[in-house]
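Student: Here's a structure for you.
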Amino acid sequence: MFTGKRPLRRPLILFTLLVGWLLTGCAASSVSNENWPGLATDGQSVYVAYGPAVAAYDAATETERWLYKSENRALQFNAAPSVQDGRVILGDYGAAGGMFSPSIKVSIYSLEEKENTITAPLWTNSIVAKDKIIAGPLQVGDIAYVGTADRHLLALDADTGAEIWRFDTDGPVWAQPTYHEGILYVTSLDKHVYALDADTGKEVWQAELDGAISAQPIVNPDEKLVYVGAYDNALHALDINDGTEQWQVKATNWIWSAPALADGRLYFVDSSAQAYAVDAANGDLLWQVAVNEMRQVAGTLLPTPQKVKGAVQASPVVADGRVYIASEGNRETDEGLLIALDANSGEEIWQRTVNSPLFATPVVIDDVIVVAMQSELAVLAAFDLESGDPKWTYLPVLE
């Protein structure tokens, strides 16, 4: 049975890792057995990379479709898988090759999905990356774009895994790139946003911010803007054509995650658990609320909400007039928090406490919102969008 791993303690441990990278400039690092799951969906199934394996779960039938695990049990999978045209592309955190090959070997894989089964890898590329894959790959047509912790954005042939081109950055790439009309928008811990020609990898423009960036950029074609949250305590709106900053919104702390764009509004959360809604055109603040109060702790309903210190690393999710926010929650009890807010006012509609900190961005399928966690009780948990009532949980069995 799967035994849960304790997620990295944010923001202290990740801050330490970031400072270590900034001070040493090393591309390679040791493999950690502690992290949070990567989550993705194709609208019907939920795909989760949760450490020792990657699984696909059918939300409608509430059944496991397939489970993939490497023969090397030391490998960890934590980047969200990319699913397109029957291909599942994913990367691992790497593992040492053994006594005679102590260096870390990192691989990118393509699996073939057939109904409710998964094949052995169609291809494996173990030479293009020297450090872990943290960012979920992005498939566009027959090309897979993969960001690496050793400071590259790779373009691979999605059918063969062969390298087409690579773009070098000065820092790790921790976020999936964004594609729009032939251009890739890429962020890096080197404090830069890059716009690249998707076919050639040639730089179109770059913009430097005042803080490292671990979040995916979000494109708004209507306003000709690219939105980026950064560790300089601000959300930035950049001109889509040349990267010049048009406006910014100050937050109270670092912004780890991407904003959510819906109905002319931009929703984002900082690591102090402050949630914001701003006008997507000009950044005017519409509302700001704290999402750091728990109404239930250790299974007990409290007479008054208890303030907790957990950070928010996940991006907000917007659906049916609500904004859903998953957070680390209560560090003292290792309980995560899922909150639903009214998108127009920021007023809390419901909240649920779960038995593991939440770091991954949830996904919505039909009438449920699904969270991923590292717990001995469940890897996935689904809640009713309207009421927050628990619907189902999923715990893979490895043995």
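The values are calculated or read from the model by the stated rules, or taken from the named source; none is laboratory data. Predicted model, so just to flag it, every value in this text is computed and none were measured. Neighbour counts are summed over all protein chains in view; Cβ atoms, including those assigned to glycine, are modelled from backbone coordinates with ideal geometry.
Student: Could we say that Val146 is in contact (Cβ under 8 Å) with a residue 40 or more places away in the chain, out of contact with any Ser or Thr (no Cβ under 7 Å at 6 or more places or on another chain) and under 22 Å from Glu208 (Cα atoms) here?
Tutor: So Val146 passes the test.
Student: Out of the residues in segment 66-90 that are among the polar types (S, T, N, Q) and touching a residue at least 24 places away in the same chain (Cβ under 8 Å), state the one that is nearest to Thr41 (Cα to Cα).
Tutor: Ranking the qualifying residues of segment 66-90, first place goes to Ser82.
Student: Could I ask something else about it? Is there a residue being in contact with a strand residue (DSSP E or B) (Cβ under 9 Å, 6 or more places away or on another chain), buried (at least 22 other Cβ atoms within 10 Å of the Cβ) and either of a type outside the set (D, E, K, R) or in a strand (DSSP E or B) (or both) anywhere in segment 341-351?
Tutor: Yes, segment 341-351 contains a residue that is in contact with a strand residue (DSSP E or B) (Cβ under 9 Å, 6 or more places away or on another chain), buried (at least 22 other Cβ atoms within 10 Å of the Cβ) and either of a type outside the set (D, E, K, R) or in a strand (DSSP E or B) (or both).
Student: Has segment 376-398 got any residue that is within 18 Å of Ser271 (Cα to Cα), assigned to a loop (DSSP other than H, G, I, E, B), hydrophobic (A, V, I, L, M, F, W, C) and in contact (Cβ under 8 Å) with a residue 40 or more places away in the chain?
Tutor: So far as segment 376-398 goes, no, none of its residues is within 18 Å of Ser271 (Cα to Cα), assigned to a loop (DSSP other than H, G, I, E, B), hydrophobic (A, V, I, L, M, F, W, C) and in contact (Cβ under 8 Å) with a residue 40 or more places away in the chain.
Student: Hey, could you check segment 352-372 for residues that are of a type in the set (Val, Ile, Thr), touching a Leu at 6+ places or on another chain (Cβ under 8 Å) and assigned to a strand (DSSP E or B) and say which is nearest to Ala290 (Cα to Cα)?
Tutor: Thr353
Student: Could you pull out the residue among Ala275, Ala314 that is under 13 Å from Trp256 (Cα atoms) and in a strand (DSSP E or B)?
Tutor: Just one listed residue meets the conditions, Ala275.
Okay, residues lined up against (1) of a type in the set (D, E, K, R); (2) under 18 Å from the mean Cα position of the chain (by Cα); (3) within 21 Å of Ala49 (Cα to Cα):
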| site | (1), (2), (3) |
| --- | --- |
| Ile118 | no, no, yes |
| Leu122 | no, no, yes |
| Ile127 | no, no, no |
| Pro137 | no, yes, yes |
| Ala144 | no, yes, yes |
| Ala149 | no, yes, yes |
| Asp159 | yes, no, no |
| Glu163 | yes, no, no |
| Gln176 | no, yes, yes |
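Student: Can you tell me which residue within segment 211-239, out of those that are part of a loop (DSSP other than H, G, I, E, B) and among the hydrophobic types (A, V, I, L, M, F, W, C), is surrounded by the most Cβ atoms within 10 Å (Cβ to Cβ)?
Tutor: Filtering segment 211-239 for residues that are part of a loop (DSSP other than H, G, I, E, B) and among the hydrophobic types (A, V, I, L, M, F, W, C), the one surrounded by the most Cβ atoms within 10 Å (Cβ to Cβ) comes out as Ile213.
Student: Taking segment 158-190, which residues are polar (S, T, N, Q), surrounded by 22 or more Cβ atoms within 10 Å (Cβ to Cβ) and under 23 Å from Ser110 (Cβ atoms)?
Tutor: Gln176
Student: While we're looking at this one, here's another question. If you go through segment 199-207 one residue at a time, do you hit one that is among the acidic types (Asp, Glu), in a strand (DSSP E or B) and closer than 23 Å to Gly182 by Cα?
Tutor: Yes, segment 199-207 contains at least one residue that is among the acidic types (Asp, Glu), in a strand (DSSP E or B) and closer than 23 Å to Gly182 by Cα.
Student: Considering only segment 281-302, state which residues are closer than 17 Å to Ala343 by Cα and assigned to a strand (DSSP E or B).
Tutor: Leu285, Leu286, Trp287, Gln288, Val289, Ala290
Student: Another one. Which residue is surrounded by the fewest Cβ atoms within 10 Å (Cβ to Cβ), if the candidates are limited to segment 277-291 and must be touching a residue at least 40 places away in the same chain (Cβ under 8 Å) and under 22 Å from Gly388 (Cβ atoms)?
Tutor: Selected residue: Trp287.
Student: Being β-branched (Val, Ile, Thr), part of a strand (DSSP E or B), surrounded by 13 or more Cβ atoms within 10 Å (Cβ to Cβ) and at pLDDT 85 or above is the filter here; which residues of segment 100-117 pass it?
Tutor: Ile108, the sole residue that qualifies.
Student: Return yes or no: is Asp242 farther than 23 Å from Glu181 by Cα and surrounded by fewer than 16 Cβ atoms within 10 Å (Cβ to Cβ)?
Tutor: Criteria not met by Asp242.
Student: Collect the residues in segment 300-331 that are without any contact (Cβ under 8 Å) to a residue 12 or more places away in the chain and either buried (at least 22 other Cβ atoms within 10 Å of the Cβ) or not β-branched (Val, Ile, Thr) (or both), keeping them in residue-number order.
Tutor: Residues satisfying the conditions are Leu301, Leu302, Pro303.
Student: Answer yes if at least one residue in segment 233-250 is in contact (Cβ under 8 Å) with a residue 60 or more places away in the chain and within 22 Å of the chain's Cα centre (by Cα), and no otherwise.
Tutor: no
Student: If you don't mind, there's one more thing I want to ask. Just give me the residues in segment 191-210 being surrounded by 18 or more Cβ atoms within 10 Å (Cβ to Cβ) and closer than 25 Å to Ala251 by Cβ, in sequence order.
Tutor: Lys191, His192, Val193, Tyr194, Ala195, Ala207, Leu209
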